[in-house]
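Everything on this sheet refers to the single structure shown next.
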Amino acid sequence: MKQTKKLILSAMFLALGLVLPFFTGQIREIGNKLLPMHIPVLLCGFVCGPQYGLLVGFITPLLRSLLFSMPPLPRAIGMAFELATYGAVTGLLYRKLPKSKARIYISLLIAMVAGRLVWGIVSILIYGIEGSAFTWQMFAGGAFLNAIPGIVVQIILIPVLMLALEKARYQES
């Protein structure tokens, strides 16, 4: 894929990351559970590659925080590292694993776990700087328990979209 096309697609994924949370953000509990900002970042990694996925993932929560004050800045920093990990890992594994339908799921699941671990590590650092403790309960709640609806949406939606894109690319050639 040409660099210009990747750049344009990355800008589109960034825009989606800024806009999608408006659809669920009016009710904070729903937005926090559906994780709408994660979807375009994961897709960017798959479609544009690890470098673009990393950049879009890092920029999206920070830019959204600066423009709309959501997520709030300390939280946006942790999310920036989490989403950067999602974009980089999906892009890297999708390109490195043998071509099969399973590589989409494997890339997605590993990226989701890696991103949450990175978020936890960054959160420990941020909370430590603030003089607070980041507990196991906070990690489990933020990374998994509260995120179950969003995780389910990602596990269903992203492979469907990627399979459709793969089929469209194959028919293009």
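Here is a check on your reading of the model: is L54 assigned to a helix (DSSP H, G or I) and over 17 Å from the mean Cα position of the chain (by Cα)?
Here the answer is no, as L54 does not meet what is asked.
Here's a check for you: in the stretch 66-81, which residue that is touching a Ser or Thr at 6+ places or on another chain (Cβ under 6 Å) and of a type in the set (A, V, I, L, M, F, W, C) is farthest from F144 (Cα to Cα)?
Going through the qualifying residues, I end up with L73.
Keeping to the stretch 51-63, report how many residues are over 21 Å from G120 (Cβ atoms) and open to solvent by less than 70 Å² (accessible area, probe 1.4 Å).
Here the count works out to 3.
Could you please give the count of residues in the stretch 116-162 that are part of a helix (DSSP H, G or I), surrounded by fewer than 18 Cβ atoms within 10 Å (Cβ to Cβ) and among the polar types (S, T, N, Q)?
1
Considering the stretch 82-111 alone, what residues qualify as being free of Cβ contacts under 8 Å to residues at least 24 places away in the same chain, assigned to a helix (DSSP H, G or I) and farther than 18 Å from I151 by Cβ?
Passing the criteria: K96, A102, R103.
Considering only residues that are open to solvent by less than 10 Å² (accessible area, probe 1.4 Å), under 15 Å from A15 (Cα atoms) and of a type in the set (A, V, I, L, M, F, W, C), which ones fall in the stretch 32-47?
V41, L42, C44
The values are calculated or read from the model by the stated rules, or taken from the named source; none is laboratory data. Predicted model, so just to flag it, every value in this text is computed and none were measured. No Cβ is skipped: glycine too gets one built from the backbone with ideal geometry, and neighbour counts run over all protein chains shown. When the accessible area is computed, the model is the full protein with side chains, heavy atoms only, and any ligands, DNA or RNA have been set aside. Shrake-Rupley method; radii C 1.70, N 1.55, O 1.52, S 1.80 Å.
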